[in-house]
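Report on one structure; see the data block that follows.
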Amino acid sequence: MKCRQCEAKAVINMRQHKLALCANHYIQWIVTQTQRFIEKYHMFTHQDRILVAVSGGKDSLSLWDILWQLGYLTEGLYIGLGIDGGVNYSSRSHQLCVQFAAQRNLNLISVNVPQTYGMSIPEIAAHTQRGKNKPCSVCGLTKRHIMNQVALEGNFDVLVTGHNLDDEVATLFGNTLNWNVGYLQRQRPLLLDNHPGLVRKAKPLCRFYEREMAAYALVRGIEYIYDECPYAEGSTSIYYKGLLNQLELDRPGAKLSFYLSFLQAKETGFFSKPINLEYGEENVGAGGETLYTCPKCGQPTTAKGLCSFCRMMEKISR
Ligand code: SF4
Ligand code: ZN
């Protein structure tokens, strides 16, 4: 198959866009489309300082690479979870992030959870008895806290993550199955810093398929960690992704259309009142709940008193 733009051999055929491109035109297409999404959802500008959360995986490193190519002011944030899983998961992923940043002369901020809090993520989960056999809820809570804290302390304007379309659609599918309205309201390409202690968050890759990001990393020669976190195995989101891949096989474009129709439904008032994708309300969480400030860490919380992270940390210090 040949590239739509030139006669070179195509490296990818995107059935949902009826578009095949060679390596060079594919890189250009991804970079241009990302800029388009950044502008469409008013995510950030070239004056903003951007903190890119990187895990060592293809999505977050590709995102950092794209923003770097677009000339944005970026620094990376790597959070070492202390997860080994027999494959040195955390140390290998850290090493790949360090190497990526060094190759481009970019600054990487690293926070090591075991060194900072005295325990790894699996140890905190076991100690606090949260999350049955998996440390994922502890991990998510800790990562959100650290990302917000580093962004605030470093005076960054926005925190960006590498969530791709497959991630967003799996989340949307799960929340729709359970009609989890609060989470559905919160799911957007951009979340505003509408409360003191809260940083603006954006997902510039939310409209790219996972395979498109894998192809981008490959043609750009980005070295990333192929292994999933060992705790990801058997997760509900991987199960949903499998179901949705089956749907996509039969109906190319189904995932993209599910996600875009969802965003459109939000804008036109599917939820009791129209939700502006760009602007939030002061001191109101994205799900409509009132926000308070945690007296210990200063981050927002939906309940009065300590936030969930600080309550968890109190438990492990006892
Ligand atoms: Fe954390 Fe994800 Fe691993 Fe769960 S699967 S422990 S959330 S990195
Ligand atoms: Zn707190």
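The values are calculated or read from the model by the stated rules, or taken from the named source; none is laboratory data. The structure presented is a predicted model; accordingly, all values stated were derived computationally and were not measured. Every residue, glycine as well, gets a Cβ built from its backbone with ideal geometry; the counts of neighbours run over all protein chains shown. For the accessible areas, the whole protein counts, side chains as well, though only heavy atoms, and no ligand, DNA or RNA atoms are used. Shrake-Rupley method; radii C 1.70, N 1.55, O 1.52, S 1.80 Å.
Here are some notes:
- Subset of segment 125-175 that is within 16 Å of ligand 1 (Cβ to nearest atom) and touching a Gly at 6+ places or on another chain (Cβ under 9 Å) - its residue that is farthest from Gln299 (Cα to Cα): Lys134
- Residues that are open to solvent by 60 Å² or more (accessible area, probe 1.4 Å) and closer than 16 Å to Leu165 by Cβ within segment 224-238 comprise just one, Ile238.
- Tabulated pairs, segment 292-318, first at positive phi, second open to solvent by 80 Å² or more (accessible area, probe 1.4 Å) and within 10 Å of ligand 2 (Cβ to nearest atom), C-beta under 8 angstrom, 6+ apart or interchain: Gly305/Pro295
Residues checked against (1) farther than 18 Å from Val138 by Cα; (2) within 16 Å of ligand 1 (Cβ to nearest atom); (3) at pLDDT 60 or above:
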{"site": "Lys273", "(1), (2), (3)": "yes, no, no"}
{"site": "Glu281", "(1), (2), (3)": "yes, no, no"}
{"site": "Tyr292", "(1), (2), (3)": "yes, no, yes"}
{"site": "Pro295", "(1), (2), (3)": "yes, no, yes"}
{"site": "Gln299", "(1), (2), (3)": "no, no, yes"}
{"site": "Phe309", "(1), (2), (3)": "no, yes, yes"}
{"site": "Lys315", "(1), (2), (3)": "no, no, yes"}
{"site": "Arg318", "(1), (2), (3)": "no, no, yes"}
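- Considering residues of segment 249-261 that are without any contact (Cβ under 8 Å) to a residue 24 or more places away in the chain and not hydrophobic (A, V, I, L, M, F, W, C) only, the residue most open to solvent (accessible area, probe 1.4 Å): Arg251
- So Ile83, is it in contact with a Ser or Thr (Cβ under 7 Å, 6 or more places away or on another chain), open to solvent by less than 40 Å² (accessible area, probe 1.4 Å) and of a type outside the set (Asp, Glu): yes
- Scan of segment 199-223 for residues that are open to solvent by 40 Å² or more (accessible area, probe 1.4 Å), within 19 Å of Ile12 (Cβ to Cβ) and in a loop (DSSP other than H, G, I, E, B), ordered by number: Gly221
- Test set (1) touching a Pro at 6+ places or on another chain (Cβ under 6 Å); (2) outside any loop (DSSP other than H, G, I, E, B) - His195 fails condition number: (2)
- Selected residue (criterion: farthest from Gly80 (Cα to Cα)) from residues of segment 146-161 that are of a type outside the set (S, T, N, Q) and open to solvent by 10 Å² or more (accessible area, probe 1.4 Å): Asp157
- Summed over segment 1-59, residues that are open to solvent by 100 Å² or more (accessible area, probe 1.4 Å) and outside any helix (DSSP H, G or I) total 9.
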